[in-house]
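A short worksheet on the structure shown next.
The values are calculated or read from the model by the stated rules, or taken from the named source; none is laboratory data. Source: prediction; values computed, not measured. Cβ placement follows ideal geometry from the backbone for every residue including glycine, while neighbour counts extend to all protein chains displayed. SASA here: full protein model, heavy atoms, side chains in, ligands and nucleic acids out. Shrake-Rupley method; radii C 1.70, N 1.55, O 1.52, S 1.80 Å.
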Amino acid sequence: MSWFDTLKDYPQIETLLAFIALIAIAALANWLVKHILVRGFYNILKRMGGSEKKDFGVIKRLSNIVPALIISSSIGLVPGLPTALVTVIKNVAGGFIILTIALALGAVLEIVNLLYMRRRDAHLKPIKGYIQVIKIIIYAIASILIIATLIDRSPLILLSGLGAMAAVLMLIFQDTLLSLVASVQISSGDMIRVGDWIEMPQLNADGDVIDIALHTVKIQNWDKTITTIPTKRFISDSFKNWRGMQESGGRRIKRSLFIDQHSIHFLSEDELEHLKRFNLLDGYFDDKIDELNKWNEVHVKSSDGNTLDSRKLTNIGSFRAYIEHYIRNNPGIHQEGMTLMVRQLSPTPEGLPIEIYCFTKSTAWTVFEGIQSDIFDHLLAIAPEFNLRVYQAPSGYDMREMGKHLLSKQSSN
């Protein structure tokens, strides 16, 4: 009497052993596919310059289909299993296959995005948002097919009920739809790119764009924190993009020196001789004096042209001319094609503003700040040569010195 005949006397054991054998065959097939076929394919791809971790994760996912196919097609051969159980196992295996294919397609889309990002101009038109939309569609279709497979019904039955759920779906996916529209507008209008310097004070964002996705845009602030902003906010809210400055090749200096107005006066002969020693003002005073004398001869009715309303050289005007000559000789400042001027603004309680308006040749933050600081270091130090005082509000030290002076004066009296 053979052991086959013995098993027939114990149908439960026969069913159990057949089921274990099916699982073992599926596991063996899975091992063979992953460790022989897939590994061999990996080696070929690596020799061709591929990367297993980044480029070919889809192969591992697809290899999981093999054991599911074996179980789905062979579960009916296991003797003694109830028909209902066979149907459930087939449906679960079918759902697993659909899920695996959907995940594999998602991995393929990631590969597409990865290959696209290797292009030099990829940061100009990122496709990550569109990839995420396609993945949502794939996963939505896969979900419908999985549910239909598990309940053993046609997916058309589920799709026919989606019409009544349209309003609910619109409510659920309203953020996704708004983000999709915003992504399309941002991309078509070239509003932001990865690497752009974005400033949105209302959201405490000030830094470089490091990622543009369907729902969010990530900005790394200058303090290295990350601000995540909904994509739709770039359509509804205002923001500043510094890309134009970076592409122009010049960064603006727009800063003022506040001059104490009590120190402004006409130049005396001694002061004029002193200022003529500046090389940067070589020839300026001669030309300016000729201009003033010609004007005075025409408009001032005096034999010597020395009336109260005659035009004369001032220390503030000479200082303004010196600043302009100094900036025009600075190698770090754009001399052509960009605005360069030194102007006087309206007087304020803090003094008379003398504004320097020009553009540096470098847009790099540290270089820009270095050039700007060097300019104002020099101007602050040179202002006393023109007998000008830079305004500064009285400090505690000034008050203490004034108190000491008053006390010393009282004691002397």
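Report note on the peptides 264-276, 64-76: ranked by the mean count of other C-beta atoms within 10 Å, highest first, their order is 64-76, 264-276.
Per residue, the solvent-accessible area of the stretch 337-397 (1.4 Å probe, heavy atoms of protein chains only, all protein chains present) comes to 54 Å². Taking only the alpha-carbon positions of the stretch 293-413 and ignoring solvent, what does the Debye formula give for the base-10 log of I(q)/I(0) at q = 0.19, 0.21, 0.23 Å⁻¹? Each listed q corresponds, in turn, to -1.09, -1.20, -1.29. If you take the Cα centroid of the stretch 341-413 and the Cα centroid of the stretch 243-287, the two points sit 14 Å apart.
Report Rg/Rh for the stretch 67-121, rounded to two decimals, where Rg is the Cα radius of gyration and Rh the Kirkwood radius. Intermediate values should be presented prior to the final figure.
On the way: Rg = 18.3 Å, Rh = 13.5 Å.
Rounded to two decimals, Rg over Rh is 1.35.
Relative to one another, the C-alpha centroids of the stretch 202-233 and the stretch 90-153 are positioned 26 Å apart. Segment Arg153..Gln220, full-extension length gain: 19.2 nm, with 0.36 nm per residue of separation and the alpha-carbon distance subtracted.
The solvent-accessible area of Asp196, taken with every protein chain present and a 1.4 Å probe, is close to 10 Å². Each label was represented as a point 7 Å from its Cα along the Cα-to-Cβ direction; for Lys240 and Asn279 these points are 3.8 nm apart. Only protein atoms count toward the accessible area here, which uses a 1.4 Å probe; on the stretch 342-413, the carbon and sulfur part of that area reaches 57 percent.
Using 1/(1 + (r/R0)^6) with R0 = 25 angstrom and r between the beta carbons of Ile137 and Lys34, what's the FRET efficiency to the nearest 0.05? Kindly include the intermediate steps, with their values, before the conclusion.
On the way: r = 29 Å, r/R0 = 1.17.
Here the calculated transfer efficiency is 0.30.
Can you tell me how much longer the chain between Asp286 and Arg311 gets when fully stretched, taken as 0.36 nm per residue apart minus their C-alpha distance, in nm with one decimal?
Numbers: separation 25, 0.36 × 25 = 9.00 nm, distance 1.47 nm.
My answer for the length gained is 7.5 nm.
P(r) tail for the stretch 360-405: Cα pairs beyond 17 Å make up 59% of the total.
Above 14 Å lies some portion of the pair distances; for the stretch 191-269, what is it as a whole percent of all C-alpha pairs? The proportion of pairs with Cα distances above 14 Å equals 68 percent. Counting only protein heavy atoms and using a 1.4 Å probe, the accessible area of Arg119 comes to about 120 Å². Protection proxy ranking, highest mean first, for peptides 203-215, 221-233: 203-215, 221-233, where packing is the per-residue count of other beta-carbon atoms within 10 Å, averaged. Cross-link partners for Lys218 among the aspartates and glutamates, with Cα-Cα distance under 15 Å and sequence neighbours closer than 8 places in the same chain left out: Asp196, Glu199, Asp206, Asp208.
Which of Lys135/Lys240; Lys60/Lys232; Lys240/Lys361; Lys125/Lys224; Lys224/Lys361; Lys128/Lys240 have a Cα-Cα distance over 28 Å? Please report the intermediate quantities before stating the final value.
Numbers: Lys135/Lys240 32 Å; Lys60/Lys232 36 Å; Lys240/Lys361 21 Å; Lys125/Lys224 25 Å; Lys224/Lys361 26 Å; Lys128/Lys240 23 Å.
Result: Lys135/Lys240; Lys60/Lys232 exceed 28 Å.
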